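S.K.: The structure under discussion is supplied below as structure tokens; questions concerning it will follow.
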Amino acid sequence: MDILKSASPAETMRAFDVLPQPLRQAIAGAAFAYDPREIAERIAKGRRPETILRGIARHEERRSRA
């Protein structure tokens, strides 16, 4: 996936809406702008949503300590 390729806001929201609820909450509250299309693609390739969620949480924790 080319994350620099722009997507319409509707495409981005559709990708966001299909993510599991905990991931949607983590992305919505994160200081970094995560691309829901990229997250959905990682899940489609076999990455567990819990693993992605832990990564987001770790990043946010490190950021809050800095």
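Values in this text are rule-based calculations from the coordinates and carry no lab data. From a predicted model like this one, the values you see are computed outputs, not experimental measurements. Positions of Cβ are backbone-derived with ideal geometry, glycine not excepted, and every protein chain shown enters the neighbour counts.
S.K.: Could you give the nm distance between label points at Thr12 and Ala57, where each point is 7 Å from its Cα heading toward the beta carbon?
M.R.: About 2.7 nm, to one decimal.
S.K.: By counting other Cβ atoms within 10 Å of each Cβ, how are Leu53, Leu23 ranked from fewest to most? Walk me through the numbers on the way to the answer.
M.R.: Values: Leu53 17, Leu23 20.
Listing Leu53, Leu23 from fewest to most nearby Cβ atoms yields Leu53, Leu23.
S.K.: With the radius of gyration and the Kirkwood radius both derived from the Cα set of the chain, what is their ratio Rg to Rh?
M.R.: Numbers: Rg = 12.0 Å, Rh = 12.4 Å.
Radius of gyration relative to Kirkwood radius: 0.97.
S.K.: Within the set of other residues whose C-beta is less than 12 Å from the C-beta of Ala15, count the net charge using Lys and Arg as +1 and Asp and Glu as -1. Write down the numbers at each step before the final one.
M.R.: Details: positive: Arg14, Arg24, Arg37, Arg42; negative: Glu11, Asp17, Asp35, Glu38, Glu41.
Once all neighbours under 12 Å are counted, the net charge is -1.
S.K.: For Ile56, what is the net charge nearby, where nearby means another residue's Cβ is under 14 Å from its Cβ and Lys, Arg count +1, Asp, Glu -1? Walk me through the numbers before you get to the answer.
M.R.: Working: positive: Arg24, Arg42, Arg47, Arg48, Arg54, Arg58, Arg62, Arg63; negative: Asp35, Glu38, Glu50, Glu60, Glu61.
Local net charge: +3.
S.K.: With contacts defined as alpha carbon pairs under 8 Å and 6 or more residues apart, what's the relative contact order of the chain in percent?
M.R.: Working: 33 pairs, mean separation 23.6, N = 66.
With pairs under 8 Å counted, the relative contact order is 36 percent.
S.K.: Filter the trypsin sites (Lys or Arg not before Pro) in the range 4-66 to those in DSSP coil with at most 12 other Cβ atoms within 10 Å of their Cβ, and list the result. Walk me through the intermediate numbers first.
M.R.: Working: sites: Lys5, Arg14, Arg24, Arg37, Arg42, Lys45, Arg47, Arg54, Arg58, Arg62, Arg63, Arg65; in loops: Lys5, Lys45, Arg47.
Those that pass, being in a loop and sparsely packed, are Lys5, Lys45.
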